[in-house]
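The values are calculated or read from the model by the stated rules, or taken from the named source; none is laboratory data. What you see is a predicted model; the values in this text were computed from it and never measured. Here the Cβ positions follow ideal geometry from the backbone for every residue, glycine too, while neighbour counts run over all protein chains shown.
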Amino acid sequence: MIHLHDIRYVRLGTPDLDASVKYATDVLGLEVAERSNKTVYLRSDSRDHTLVYFEGDARDHTAAFEVDTARELDDALQTLENAGVRAVRGTAEEAEQRHARDFIRFNDLSGNRIELVFAPHHSGRRFFGSRDAGITGFSHIGLRTLDGRRDEAFWTTLLGAKVSDRIGEAALLRIDDVHHKIALFPSSFPGVQHINHQVESIDDVMRAYYILRERNIPIRFGPGRHPTSGAMFLYFEGPDSMIYEYSTGVRMITEEDEKTYRPRDFPMVPSSFCMWGARPDIPEFKT
Ligand SMILES: CC(C)c1ccc(C(=O)O)c(O)c1O
Ligand SMILES: [Fe+2]
């Protein structure tokens, strides 16, 4: 089985690179790490980059996960091939573009573009955001699925993810102690549905709520609290209809907890999304 060390970056195509980068810095609070050849690399923590906007099709989304060793990357290629999933090693030039030593790419069963990277660069610098949003790092993605149960099985049996909880058919999957790094969310097309950054405290969530409202950035859900991870959240709309989420206080499931932890099934009702009573203005989350 493949072992995913952590979620690493998301790459998003955009028809208006300047506008997307302006949003990512001025609104979201990320830091530009590098601009090159119609591609902009953004940081949210001490890693080299965790988000890339490139000039291209807004439906072109890739999510990447880090593996620990070169051997594990080779083995992953084989494991995927053995399971009938076509996986391809990136070229040296493509690996350089990803600021990593090596990587492979494949599509999951819903057609989501996934990359596994080995030895992605560290920055050696503290993250210094463009505004004081309180971001502590890129933490998880909502990934669209055309068949929740099928894709849950794909991620758990091949890629070593574990189900922390489900809301209806939507599985919240962990790959380390953090409650989830992937939220598989039912949809009629593939792609990244939302991108989560953790912020330091509830003060940052609430501060963002007022700042974003003042700037007429559409708030799509929250402020609220997820009964699943326990995190307090705010979802808002970004370029090309991407949803961004800030949250704080996500639950950890440690090795000790794992001895007794069992995934919980929450029904597909509003209170499973928010225990404070917020109602989502996000089509995929409407019950
Ligand atoms: C509504 C989405 C899929 C969702 C649900 C629960 C959590 C959480 O428990 O933190 C999320 O982060 C979500 O994005
Ligand atoms: Fe989320």
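For segment 17-39, state whether one or more residues are aromatic (Phe, Trp, Tyr), surrounded by 22 or more Cβ atoms within 10 Å (Cβ to Cβ) and not assigned by TED's automatic domain parsing to the domain that holds residue 144.
Looking through segment 17-39, none of the residues is aromatic (Phe, Trp, Tyr), surrounded by 22 or more Cβ atoms within 10 Å (Cβ to Cβ) and not assigned by TED's automatic domain parsing to the domain that holds residue 144.
Only one of these is outside the structural domain of residue 66 (by TED's automatic domain parsing), at pLDDT 95 or above, crowded, with 23+ Cβ neighbours inside 10 Å and of a type in the set (Asp, Glu): 165, 176. Name it.
Answer to the selection: 165.
Within segment 115-132, which residues are surrounded by fewer than 20 Cβ atoms within 10 Å (Cβ to Cβ) and either within 16 Å of residue 8 (Cβ to Cβ) or of a type outside the set (S, T, N, Q) (or both)?
Those that are surrounded by fewer than 20 Cβ atoms within 10 Å (Cβ to Cβ) and either within 16 Å of residue 8 (Cβ to Cβ) or of a type outside the set (S, T, N, Q) (or both): 119, 121, 122, 123, 124, 125, 126, 127, 128, 129, 131, 132.
Just checking, does segment 247-262 include any residue being within 25 Å of residue 13 (Cβ to Cβ), within 13 Å of ligand 1 (Cβ to nearest atom), aliphatic (A, V, I, L, M) and assigned to a loop (DSSP other than H, G, I, E, B)?
no
Out of all the residues in segment 180-189, is one or more among the small types (Gly, Ala, Ser) and within 15 Å of ligand 1 (Cβ to nearest atom)?
Narrowing segment 180-189 to residues among the small types (Gly, Ala, Ser): 183, 187-188.
Restricting the remaining residues to those that are within 15 Å of ligand 1 (Cβ to nearest atom) gives 183, 187.
Among the residues of segment 180-189, at least one is among the small types (Gly, Ala, Ser) and within 15 Å of ligand 1 (Cβ to nearest atom), which makes the answer yes.
Out of all the residues in segment 214-234, which are within 17 Å of residue 30 (Cβ to Cβ) and under 21 Å from the mean Cα position of the chain (by Cα)?
Restricting attention to segment 214-234, the residues satisfying the condition of being within 17 Å of residue 30 (Cβ to Cβ) are 215, 217, 234.
Hits for segment 214-234 are 217, 234.
Of all residues in segment 172-192 being away from ligand 2 (no atom under 14 Å from the Cβ) and under 13 Å from the mean Cα position of the chain (by Cα), which is farthest from residue 114 (Cα to Cα)?
For segment 172-192, the residue satisfying everything is 175.
Sort out which residues of segment 52-98 are touching a Gly at 6+ places or on another chain (Cβ under 7 Å) and either without any contact (Cβ under 8 Å) to a residue 24 or more places away in the chain or among the aliphatic types (A, V, I, L, M) (or both), and write them in order of number.
58
If residue 136 meets every condition in (1) under 29 Å from residue 234 (Cα atoms); (2) in contact (Cβ under 8 Å) with a residue 40 or more places away in the chain; (3) more than 16 Å from ligand 2 (Cβ to nearest atom) apart from one, which number is that one?
(3)
Pairs needed: first member in segment 263-287, at pLDDT 90 or above; second member anywhere, away from ligand 2 (no atom under 15 Å from the Cβ) and acidic (Asp, Glu); C-beta distance under 9 Å; at least 6 residues apart or different chains.
268/169
Do we have residue 57 as assigned to a loop (DSSP other than H, G, I, E, B), within 20 Å of residue 15 (Cα to Cα) and at pLDDT 95 or above here?
Taking the combined requirement at face value, the residue satisfies it.
Out of 10, 40, report the one residue that is under 20 Å from residue 143 (Cα atoms) and of a type outside the set (Asp, Glu).
Testing whether each residue is under 20 Å from residue 143 (Cα atoms) and of a type outside the set (Asp, Glu) leaves just 10.
Quickly run through segment 139-162 and pick out the residues that are of a type in the set (Gly, Ala, Ser), touching a residue at least 24 places away in the same chain (Cβ under 8 Å) and either surrounded by fewer than 22 Cβ atoms within 10 Å (Cβ to Cβ) or within 11 Å of ligand 1 (Cβ to nearest atom) (or both).
Residues satisfying the conditions are 139, 142, 148, 160.
Does residue 127 fit the bill of being within 16 Å of ligand 1 (Cβ to nearest atom), more than 21 Å from residue 76 (Cα to Cα) and not β-branched (Val, Ile, Thr)?
It is false that residue 127 is within 16 Å of ligand 1 (Cβ to nearest atom), more than 21 Å from residue 76 (Cα to Cα) and not β-branched (Val, Ile, Thr).
Check whether at least one residue in segment 265-284 is within 17 Å of the chain's Cα centre (by Cα), within 9 Å of ligand 1 (Cβ to nearest atom) and part of a strand (DSSP E or B), and report yes or no.
For segment 265-284, residues within 17 Å of the chain's Cα centre (by Cα), within 9 Å of ligand 1 (Cβ to nearest atom) and part of a strand (DSSP E or B): absent.
What tally of residues in segment 68-85 results from selecting those that are of a type in the set (Val, Ile, Thr) and either under 16 Å from the mean Cα position of the chain (by Cα) or more than 24 Å from residue 122 (Cα to Cα) (or both)?
From segment 68-85, those of a type in the set (Val, Ile, Thr) are 69, 79, 85; that's our starting set.
Still in the running and either under 16 Å from the mean Cα position of the chain (by Cα) or more than 24 Å from residue 122 (Cα to Cα) (or both): 79, 85.
Final tally of qualifying residues: 2.
Can you pull out every residue in segment 67-76 that is hydrophobic (A, V, I, L, M, F, W, C) and surrounded by fewer than 18 Cβ atoms within 10 Å (Cβ to Cβ)?
Matches in segment 67-76: 70 only.
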